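Below you'll find the structure, written out as structure tokens, and then a few comments.
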Amino acid sequence: MAIVLDVSIAAKWFLPDERSRRADSLLERVAAEGAYVPALFRWEIESVLLGAERADRIEADDVDAALESLRDLPIILEPPGERLFSRNELQLARHYDMTPYDAAYLSLAARRNIPLATADDALAYAARDLGIVVLP
């Protein structure tokens, strides 16, 4: 079964100081079963990796290789919808005191009724509160 993949997990695959068995296990699952991400994922992962590059945590060549690796995975970018503002993410963000960015992952997992993989404690709490399975 596919999952919703949060950047907090995907970044761990490429940042040596954040690697973990849990993240590596989720990488194997994504490679085998696929994942969905909100469209903002592409800019969010680029931002995280570029920030790590600027902080000398990763080399520029490694950032390029990471993005190539992500392109090769069966990750589907979920479009934001036909309406400019659906209000769903805003309502979730208000209710759970989170950013609309995080609420986009929550909304996607709820809409697709699939588990959410995240290392963000607040996002995991909100998902569990909504009855969404959070992958450990």
What is the angle, in °, between the Cα long axis of helix 41-54 and the longest principal axis of the Cα atoms in the chain? Nearest 10 is fine, range 0 to 90. 40 degrees
Grab the eigenvalues of the alpha-carbon gyration tensor for the chain, scale each by 5, take roots, and send me the semi-axes largest first in whole angstrom. 24, 16, 15
Using helices alone, what [θ] at 222 nm do you get for the chain, with -39,500 (n - 2.57) per DSSP H run of 4 or more residues, divided over all residues and rounded to the nearest 500? -16500 deg cm²/dmol
What trypsin sites (Lys or Arg not before Pro) in the stretch 86-134 are in a loop by DSSP, with at most 11 other Cβ atoms within 10 Å of the Cβ? Arg87
Of Val48, Leu73, Leu15, which is farthest on the positive side of the dipole of the chain, counting Cα position, with +1 on Lys and Arg Cβ, -1 on Asp and Glu Cβ, and the Cα centre as origin? Leu73
Of the chymotrypsin sites (Phe, Trp or Tyr not before Pro) in the stretch 1-90, which ones lie in a loop per DSSP and count no more than 15 other C-beta atoms within 10 Å? Phe85
Which angle between 0 and 90 degrees, to the nearest 10, do you get for helix 21-33 versus the longest principal axis of the chain when only C-alpha atoms count? 70 degrees
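Bear in mind these aren't lab numbers, they're just calculated from the coordinates by the rules spelled out. What you see is a predicted model; the values in this text were computed from it and never measured. As a convention, Cβ positions derive from the backbone with ideal geometry for all residues, glycine included, and neighbour counts pool all protein chains shown.
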